[in-house]
Amino acid sequence: MTYESENVTSNVTVRQLHALVNVAELGSFVAASRAMHVTASALSILISELEQGLGFRVFDRTTRQLKLSAAGEQYLPCAQRVLAELAEAQRCAQDVRSQKTGIVRIATSQVVSWMLMPPALRAYRAFRPGVRLEPIDLPVDEILPSLEAGRVDLAIMLRLPTGPELQAAPAFDSPLHLACHADHRWAQRKRVRWSELSGEPLIFTGNDTPQRLNMALPPGAHLQAAWRVEHAGTALALVASGLGSAICAGYVRPMCEMHKLRMIPVVEPELMRQLSIYSPARRAMTPVAEGFHGFLQDWFVQHHGGTKRRAPLTA
């Protein structure tokens, strides 16, 4: 058989490569056809099509002997390497589908990253050791934009209105408290009313927090900010220094205990900080990001009295 250059094509198929490797390794068309579950004539056609595509013989065949040609001996390692890499790609795809491997980047605030995420990350790592989790703590006003821009896979923060690019799933609700110094006049109180906080030097996390709270309060209760800071840790450090009292969510209690502060529920009405898990609404998540999203919802239910998993809501 001769091959003219204009007849040579690059349409080599995986099945043809399997035919070459099986015949070469088993030394027989009959044995190779059984291994591939095809007839010997079908296998012979695969080899002929491969040779036509390559432009050279891969086997020298006589009535008594079948062996690789010189060109076939040079080409066989390449064919074996391609098939090995394809098998590895299939294993990788299976790992991705089964959520055994991958990277999940999670944007959170500093306080959420410190207070809530470490035990959840530790539990998930024990469950999926091949997955790399990358928590990224950001200023509050950068968390959702980073998710919209695709720099992270998920975001965890307080429930806020968003555009159509994002959706929010409820994590858990945490009642608001007053964090005050141990020698504050209210330190021994079991609760305090919002109306009593009028005129109190208060420290807030987030520039718009006082405005949002005042909109939710009854007439006669009006809060004024003595300090506005980016992080809850900064707010509590200011409280510990005697510079005021802070409005904070109940989940920061360990941080308050570290500063030896008192946490007092604020009532009439009881207001909640609603924590949500944000994900893209129009961009497909990786299987591993979807898996971690569901794990987090279940984790918050188990450890923080969160809402049982349901379909994400458009925020």
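The values are calculated or read from the model by the stated rules, or taken from the named source; none is laboratory data. Here the structure is a predicted model, which means the values were calculated and not measured. For neighbour counting, all protein chains shown are included, and Cβ atoms are generated from backbone atoms with ideal geometry for every residue, glycine included.
Among the residues of the range 119-136, the one identified as farther than 17 Å from Thr286 by Cα and touching a Lys or Arg at 6+ places or on another chain (Cβ under 8 Å) is Ile136. Residues in the range 259-303 that are part of a strand (DSSP E or B), under 21 Å from Thr108 (Cβ atoms) and not β-branched (Val, Ile, Thr): 8 in all.
Quick check on my filter: what residues within the range 274-288 are touching a helix residue (DSSP H, G or I) at 6+ places or on another chain (Cβ under 8 Å) and either outside the structural domain of Leu116 (by TED's automatic domain parsing) or not hydroxyl-bearing (Ser, Thr, Tyr) (or both)? Residues satisfying the conditions are Leu275, Ile277, Pro280, Met285, Pro287, Val288. Is it the case that Gly102 is crowded, with 18+ Cβ neighbours inside 10 Å and either farther than 16 Å from Phe295 by Cβ or free of Cβ contacts under 8 Å to residues at least 24 places away in the same chain (or both)? No: the conditions fail for Gly102. Checked against (1) in a strand (DSSP E or B); (2) in contact with a Cys (Cβ under 7 Å, 6 or more places away or on another chain), Pro170 passes all but a single condition, namely (2). When Ala84 is tested against (1) in contact with a strand residue (DSSP E or B) (Cβ under 8 Å, 6 or more places away or on another chain); (2) in a helix (DSSP H, G or I); (3) over 24 Å from Leu236 (Cα atoms), only condition (1) is not met. Within the range 132-155, the set of residues being surrounded by 15 or more Cβ atoms within 10 Å (Cβ to Cβ) and either within 14 Å of Val288 (Cα to Cα) or hydrophobic (A, V, I, L, M, F, W, C) (or both) comprises Leu133, Ile136, Leu138, Val140, Ile143, Leu144, Leu147, Val152, Asp153, Leu154, Ala155. Can you name every residue in the range 181-212 that is over 29 Å from Val301 (Cα atoms) and in a strand (DSSP E or B)? Correct list: Leu202, Ile203.
Within the range 33-50, restricting attention to residues that are of a type outside the set (A, V, I, L, M) and closer than 15 Å to Asn22 by Cα, the residue that is surrounded by the most Cβ atoms within 10 Å (Cβ to Cβ) is Ser33.
Cβ-Cβ contacts under 7 Å between residues 6 or more apart (or on different chains), taken from a first residue in the range 188-215 that is in the same structural domain as Arg159 (by TED's automatic domain parsing) to a second residue that is assigned to a helix (DSSP H, G or I) and surrounded by 13 or more Cβ atoms within 10 Å (Cβ to Cβ), are listed as Ile203/Ala235; Ile203/Leu238; Ile203/Val239; Phe204/Pro210; Thr205/Ala232; Thr205/Ala235; Gly206/Val140.
Only one of the numbered conditions (1) in a strand (DSSP E or B); (2) in contact with a His (Cβ under 9 Å, 6 or more places away or on another chain) is violated by Cys256, and that is (1). When each of Pro129, Pro77 is tested for being surrounded by fewer than 16 Cβ atoms within 10 Å (Cβ to Cβ), of a type outside the set (Phe, Trp, Tyr) and within 16 Å of the chain's Cα centre (by Cα), the lone residue that passes is Pro129. Residues in the range 151-167 that are more than 19 Å from Arg283 (Cβ to Cβ), touching a strand residue (DSSP E or B) at 6+ places or on another chain (Cβ under 7 Å) and not in a strand (DSSP E or B): Arg159 alone.
Residue pairs whose Cβ atoms lie under 7 Å apart, sitting 6 or more positions apart in sequence or on different chains, and linking a residue in the range 127-140 that is assigned to a loop (DSSP other than H, G, I, E, B) to a partner that is hydrophobic (A, V, I, L, M, F, W, C) and at pLDDT 90 or above, are Leu138/Ala107.
Those helices (runs of 4 or more DSSP H) of the range 1-81 in which at least 2 residues are among the β-branched types (Val, Ile, Thr) and at pLDDT 90 or above, considering only elements entirely within it, cover 14-26, 40-54.
Val111 falls short on exactly one of the conditions (1) of a type outside the set (Lys, Arg); (2) out of contact with any Gly (no Cβ under 9 Å at 6 or more places or on another chain); (3) under 21 Å from Cys248 (Cβ atoms), and that condition is (2).
Exactly one residue out of Leu223, Leu176 is more than 30 Å from Asp298 (Cβ to Cβ) and of a type in the set (A, V, I, L, M), and it is Leu223. When the range 168-224 is filtered for residues that are of a type in the set (Ser, Thr, Tyr) and over 24 Å from Tyr278 (Cα atoms), the ones remaining, listed by number, are Ser195, Ser198.
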